[in-house]
Amino acid sequence: MQANVYDTARPMRGGYRDVSPPAAYQARETTRLVDVREPLEFTGELGHIPGAELVPLATLDRHFGGWDKNAEIIVICRSGARSSGAAETLARAGFRRVMNLAGGMIAYNAAQLPVVRP
């Protein structure tokens with residue numbers, strides 16, 4: 001049986017784990033991808049990961065109430081700073097399998113993984 005992405009991700013102090021861009025891409029069909037950037041960033045030059053949903057950071061608390069607290073979630077931003085804070089917020093709210101995309105979309109693009117651009 002293949003390990004899930006959360007079990008192979010690096011534990012961080014805030015109660016979440018850091019996941020590499022390749023691991024995030026491989027997990028995109030079985031993991032909730034939450035991009036916390038602004039709409040213009042989501043559709044901008046860095047693009048977004050196929051299957052990611054846009055939930056701007058300022059609106060996160062209005063969206064996560066109905067989410068499964070046991071589901072794997074990868075939080076994404078430009079560089080990993082906003083998403084690490086959002087991942088910590090989700091962990092404090094009781095989400096058990098939260099991950100941050102290490103290095104954000106900058107690292108994801110540097111890894112030359114598929115992106116959606118308009």
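Between Arg92 and Arg13, the modelled labels are 1.4 nm apart [label points 7 Å from Cα along Cα→Cβ]. Considering only beta bridges that DSSP places wholly inside the chain, some 20 percent are antiparallel.
Among residues other than Leu33 whose Cβ falls under 11 Å from its Cβ, what is the net charge (Lys/Arg +1, Asp/Glu -1)?
Value of the local net charge: -2.
The Cβ shell under 15 Å around Gly80 holds other residues with a net charge of +2, Lys and Arg each +1, Asp and Glu each -1.
Between Glu45 and Lys69, what is 0.36 nm times their sequence separation minus the Cα-Cα distance? Round to one decimal in nm.
5.4 nm
For segment 11-70, would you read off the P(r) tail past 12 Å as a percentage of all alpha carbon pairs? Taking all Cα-Cα pairs of segment 11-70, the fraction more than 12 Å apart is 74 percent.
Of all segments of the chain bounded by GluC sites (Glu not before Pro) found in a DSSP loop with no more than 14 other C-beta atoms within 10 Å, the longest spans 46-118.
Taking a spot 7 Å from the Cα of Ala58 along the direction of its beta carbon, which residues of segment 22-46 have an amide N less than 19 Å from it? 35-44, by backbone N distance to the label point. Note on segment 5-110: semi-axes of the ellipsoid equivalent to its C-alpha gyration tensor, largest first and rounded to whole Å, are 18, 16, 12. Here the residues Asp18, Asp35, ranked from fewest to most Cβ neighbours within 10 Å of their Cβ, fall in the order Asp18, Asp35.
Here, each number is a calculation from the coordinates, and none is a lab measurement. Bear in mind the structure is a predicted one, so any value in this text is a computation, not a measurement. Quick reminder, even Gly has a Cβ in these numbers, built from the backbone with ideal geometry, and neighbours come from all protein chains shown.
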